[in-house]
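The values are calculated or read from the model by the stated rules, or taken from the named source; none is laboratory data. All values reported here derive from a predicted model rather than from experimental measurement. Heads up, the Cβs are rebuilt from the backbone with ideal geometry, glycines too, and the neighbour counts pull from every protein chain shown. Accessible surface areas use protein heavy atoms only, side chains included; no ligands, DNA or RNA. Shrake-Rupley method; radii C 1.70, N 1.55, O 1.52, S 1.80 Å.
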Amino acid sequence: MSITLDRICKRHGSATVLSDVSLDIARGEFLALVGPSGSGKTTLLRLIAGLERDYDGTIRIGGTDVGPIPARERRIGFVFQNYALFRHMTAADNIAFGLRVRPRATRPAAADIARRVAELLALVQLDGLGTRYPHQLSGGQRQRVALARALAIDPQVLLLDEPLGALDPPIRVELRAMLRDLHLRLGLTTLLVTHDLGEAAELSDRIAVLRAGRIEQIGTIATLDATPASAFVFGFLGDSISLPAPDGKRALIRPDEVGLTPGDGPAVIIAVHLGIRQTRYTVQHGPHRFDVVLRGAPHPGLAAGAHCTVDLSAARIVSA
Amino acid sequence: MADLRLTGALDVAGAAAHWTEVMAAARRGGLVLDLGAIEGFDTAGAALVLAAERACKSGFELKGLGERETAVLARVRGLDVPPPPAPPPAAQSWRQVIGASASACVQGVAYLGEVVVAVGRLPARQRMFRWMDLLRTADQAGVQAIPLVLLMGLLVGVILAFQSMVPMRRFGADIYVANLVSIGLARELGPLLTAVILAGRSGSAFAAEIGTMKVNQELDALATMGIDAVTMLVLPRLIAGVLVTPVLAVIMEMAGSLGMTLVLVANGIPWTVVANQVVATVVPADFFGGLFKAALFGAAVSAIGCRAGIGTGQGPRAVGLSATAAVVGGIVATIALDGVMAVVFFRLGL
């Protein structure tokens, strides 16, 4: 189902959480919402799910205004950062619960529910673990159960609230691949809230960057990278060096696109920081001090105190 | 149009000394700040210049900037300092307190309505109602409370009998201690003390259980899965509370009567006489009236405990606060209801 947000405003007491957010998510699209903490991305997700009320504007799911529809009746799959599994139920019962409690008219037969649960467990690669309780599962496995539970009710849209935020990096990579695979197979309209831009870039068709309750820019990762709408978007997409430009604006440069040539030059290396297959040099150039990232081990000619020339020939310079 | 020429070093001390003067001039608007004669300039000076620039609505101009000053100023400007965080909210005014209390009352009424609706719709939502939860709660709130209820009942019986014995004996009326204590237990103290135990043991547990689920977003998960949290979580606890409290009240009354009998027998009154007095005094209306009150208190304590859990806020202390609110609310509601029931029973002539 498509989701249409039209001029959504939401206030918490005197604080404005969302102001005038409009967004169109096409049927089957995977959209990522990124932004710093407190930018309103989770609130937006909870509004769509109906877990938060009292907003201005319209939310349409599949063309229907869902304003008067309570969360219980919206048929939305929601995955929470902290899994939110029911602790006193096994994994299989957690998944089946949403189906078992339906009124008789819409409830599948017990055998159908069991089959559906087995299918879902296989889909999230947890075959055979249905009888375990949540506390007997690892974080990654719990999140898989939560995902299966969200899918069990045959949702119209899938909302993921930092689903991988509480997991270790290797598990995160594994689950990322699974999420992408699931989206390809099921084609559900999906909204992902995340801090991790890499995750957003890998999984989503489009990315919406939120800042202080407004959408700063929306587009594919390539668009955001090539034509950032603001210094904020540029800075959010990666490290940046900000230097005053002659026209009074600021010039923004990626630290890994700057070159350093050892030898006599106006710039001085202040410090060298080791990284993984890369080295970060803190450089003083006239009144400006900034970091430059070069691939590989520290260059012997670029030790602290050495002079060098800064090479901007390969750098994209964005002015903001 | 003010023209201000600063002298001396514009460092922390110098900037502070010039601050009031410069800012006052800046707020009047149209300020030309001449830094040609200064002997030092650091980030404090830059902060002064930038603050003046912000405060000055129009016509701000800088003169006599050297290369060093320009560089420092550019660096500080580049920091893009975020505004200081908003100060913590001031203490609430009495209007706000009254407003908050009124909205809490409204929410309480709304919750009561929700519970009533959930009871009414129970036939259609049978499968959301978990019998296992009901039995588990009845076990925790009822069966496991029996030792405590027995102990409290026995001690209350002993204390009441002893206390009333002293003055009654002066009038030679010590045999009527049996009447006093047994009627007091059946009508008032049995139900009341049972409800207090329930509030302390189970009201807080309900709040903590449901509050933890709320903090873990399990209540949100229930909502997105199409499940009514009141039917699934509140009703089993409410029904268990209603069923279990009268039983506990009976146990407490029996234990209390036993305690009283022990005291009277120890003071030379034969137990057959005590039994006679009790049977002649306590009529079924007293006993069943007391049980009705116990059921009512049980409902109030359970409902308030669950309500505290559902209303749990954010943060690490929220569950603890809810548990406290459940106990306090449960006991206050019990005593208030007891007062109401006293008037009702009096009017009905019971």
- Query: Rounded to the nearest 20 Debye, what is the dipole magnitude of segment B:2-79 about its Cα centre when Lys and Arg each give +1 and Asp and Glu each give -1 at the C-beta?
  - Reply: 340 debye
- Item | segment A:255-320-segment B:151-212 distance, computed between alpha-carbon centres (Å) | 81 Å
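Past 29 Å, Cα to Cα, is the threshold; run A:LYS41/B:LYS214; A:LYS249/B:LYS57; A:LYS41/B:LYS57 against it and keep the listed order. All intermediate terms of the calculation are to be shown ahead of the outcome.
Working: A:LYS41/B:LYS214 20 Å; A:LYS249/B:LYS57 21 Å; A:LYS41/B:LYS57 36 Å.
Table pairs above 29 Å Cα-Cα are A:LYS41/B:LYS57.
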- Message: Quick check: from the Cα gyration tensor, does segment A:26-110 come out rounded (a/c under 1.5), prolate or oblate?
- Response: oblate
- Please give the per residue accessible area of segment B:125-348, computed with a probe of 1.4 Å over protein heavy atoms only, in Å². 44 Å²
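Restricting to DSSP H runs of at least four residues, report the calculated mean residue ellipticity at 222 nm for chain B, -39500 (n - 2.57) per run over all residues, nearest 500 deg cm²/dmol. List each step's numbers first, then the result.
Working: 14 runs with 242 residues, N = 350.
Computed ellipticity for chain B at 222 nm equals -23500 deg cm²/dmol.
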- Message: Suppose we keep just the alpha-carbon trace of chain B; what are its Rg and Dmax in angstrom?
- Response: 35.4, 111
- Taking Cα atoms, how many degrees apart are the long axis of helix A:139-152 and the longest axis of chain A, rounded to 10 and kept between 0 and 90? 50 degrees
- Tell me: how much accessible area in total is hidden between B and A, 1.4 Å probe, Å², nearest 100? 2300 Å²
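Round to the nearest 0.05 the FRET efficiency obtained for B:SER58 and A:ALA297 when R0 = 60 Å and r is the Cβ-Cβ distance.
Values: r = 55 Å, r/R0 = 0.92.
Computed FRET efficiency for B:SER58 and A:ALA297: 0.65.
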- Over chain A, the sum of -39500 (n - 2.57) across DSSP H runs of at least four, divided by residue number and rounded to 500 deg cm²/dmol, gives at 222 nm -8000 deg cm²/dmol
- Message: What percent of all Cα-Cα pairs in segment B:230-303 falls into each 10 Å bin, going from 0 up to the bin containing the maximum distance?
- Response: 18, 35, 25, 15, 6, 1
- Task: Check the straight Cα-Cα distances from B:LYS63 and name the aspartates and glutamates below 19 Å, setting aside those fewer than 8 residues away within the same chain.
- Result: B:ASP3, B:ASP11, B:GLU21, B:ASP34, B:GLU39, B:ASP42, B:GLU53
- Which shape class, rounded, prolate or oblate, goes with segment B:2-79 when its Cα gyration tensor gives a ≥ b ≥ c as root eigenvalues, a/c under 1.5 marks rounded, and past that a/b bigger than b/c marks prolate? rounded
- Per residue, how big is the convex hull around the C-alpha atoms of segment B:241-350? Give it to me in cubic angstrom, could you? 126 Å³
- Task: Run the numbers on segment B:219-237: which residues show a drop of 50 Å² or more in accessible area, chain on its own versus all protein chains together, using a 1.4 Å probe over heavy atoms?
- Result: B:ASP220, B:THR224, B:MET225
- Item | chain B: angle of helix B:67-78 to the longest principal axis, Cα-based, in degrees nearest 10 | 30 degrees
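Where in chain A is the longest stretch that carries no trypsin sites (Lys or Arg not before Pro) classed as loop by DSSP and with at most 14 other Cβ atoms within 10 Å?
Values: sites that count: A:ARG27, A:ARG53, A:ARG87, A:LYS249, A:ARG277, A:ARG316.
Longest site-free region, per DSSP loop and neighbour criteria: A:88-248.
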- For A:ARG104 paired with A:ARG27, estimate the spin-label separation in nm (one decimal), with each label point 7 Å from Cα along the Cα-to-Cβ line. 3.5 nm
- Query: B:VAL109 to A:LEU186: FRET efficiency via 1/(1 + (r/R0)^6), r the Cβ-Cβ distance, R0 41 Å, to the nearest 0.05?
  - Reply: 0.40
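At 1.4 Å probe size, with the rest of the protein present, what percent of the exposed accessible area of the protein assembly as shown is carbon and sulfur atoms? Intermediate values should be presented prior to the final figure.
Numbers: 19820 of 32560 Å².
Carbon plus sulfur share of accessible area: 61 percent.
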- Message: Probe of 1.4 angstrom, ligands and nucleic acids ignored: what's the accessible area per residue over chain A, in square angstrom?
- Response: 46 Å²
- Query: Any idea what angle helix A:91-100 forms with the longest principal axis of chain A, computed on alpha-carbon atoms, 0 to 90 degrees, nearest 10?
  - Reply: 60 degrees
- Message: Suppose we flag trypsin sites (Lys or Arg not before Pro) only when DSSP calls them loop and at most 15 other Cβ atoms lie within 10 Å. Which is the longest uninterrupted stretch of chain B?
- Response: B:122-316
- Message: If R₀ is 22 angstrom, what is the calculated FRET efficiency for the pair B:MET168 and B:VAL283, using the beta carbon separation as r and rounding to 0.05?
- Response: 0.50
- Selection from B:VAL143, B:VAL156, B:PHE345, by position along the positive dipole direction of the protein assembly as shown (Cβ): B:PHE345
- Message: Restricting to Cα atoms and excluding each atom paired with itself, what does the Kirkwood estimate give for the protein assembly as shown in Å?
- Response: 31.2 Å
- Message: Give the average over all directions of the projected area of the C-alpha convex hull of chain A, one decimal, in nm².
- Response: 20.4 nm²
